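Below is one structure, written out as structure tokens; the observations come after it.
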Amino acid sequence: MKYIVLDLEATCWSEKGLKRKSEIIEIGALGLNAAGEITGEFSRFIKPTLHPELSAFCTELTSIIQADMDAAQHFPEVLADFQDWIGVGRNPYFLCSWGFYDRNQLQQDCALHQLDTAWLQPHISLKHQHFTLKNMKRPMGMAGALYVEGFTLEGTHHRGIDDARNIAKIFRKYLGQWTFEQLQPGT
């Protein structure tokens, strides 16, 4: 079994209420085996289609700059590489992210580019299971969960690969306690 701990960054703006669709600008992911050992990393920028110019707010939040976007490939090409890295169609896997945002954003970008979304089905929200495991009243953000678990937030917060590495710390701590039983692994 392969576990894919992933985190996405997407276009964003400081103004509230805008009718702009966010698009993924970074996929960061770690592959882990059934023993919780890290088997690889995937980190790629994605050039947005609808709004190719990053807002100043987005750059400030993520540290991703326009030159990163200008040099990046578009979503369909990066997604194909990501699915190949996962082993979609070849190896069983589960996608694991901190909340449902990442899966929903992947679904939205797949729809924008008319790509299949069936590969997203084997997904769990570590955020929503973590608060149950810890017997808390409500879910918390990744940075707060790291603190509660005694881990240090390493790297740059709101960078996909760094956040994926941090999420993987929590995933590994509770390996064997996450609930996947209602899902069939992806193949």
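When the alpha-carbon atoms of the stretch 2-173 are used, the pair Rg, Dmax equals 15.8, 45 angstrom. Modelled this way, with points 7 Å down the Cα-to-C-beta line, the labels at Glu149 and Glu37 are 2.0 nm from one another.
At an R0 of 30 angstrom, the distance between the Cβ atoms of Gln177 and Glu15 translates into a FRET efficiency of 0.15. When you filter the chymotrypsin sites (Phe, Trp or Tyr not before Pro) in the stretch 90-141 for DSSP loop state and at most 14 other Cβ atoms inside 10 Å of their Cβ, you are left with Phe100. Comparing Gly40, Gly28, Gly99 in a Gaussian network model of the chain where C-alpha atoms under 10 Å apart are linked, the largest mean-square fluctuation is found at Gly40. For Cys12, the amide hydrogen comes within under 5 Å of the amide hydrogens of Ser55, Cys58, counting only partners 5 or more places away or on other chains and with H modelled in the peptide plane. Estimated at 0.36 nm per residue, the fully extended path between Phe57 and His74 surpasses their Cα-Cα distance by 4.0 nm. Of the residues Leu106, Leu175, Leu95, the one with the fewest other Cβ atoms within 10 Å heads the list, and the complete ranking is Leu175, Leu95, Leu106. Compared with the direct C-alpha span, the chain from Ala111 to Gln184 gains 24.0 nm at full extension, assuming 0.36 nm per residue. Here Glu60, Glu41, Glu181 are placed in order of increasing Cβ neighbour count within 10 Å, fewest first, which gives Glu181, Glu60, Glu41.
None of the figures in this text is laboratory data; all of them are computed from the coordinates on show. Computed from a predicted structure; not experimentally measured. Cβ sites come from the backbone with ideal geometry, for glycine too, and all protein chains shown count toward neighbours.
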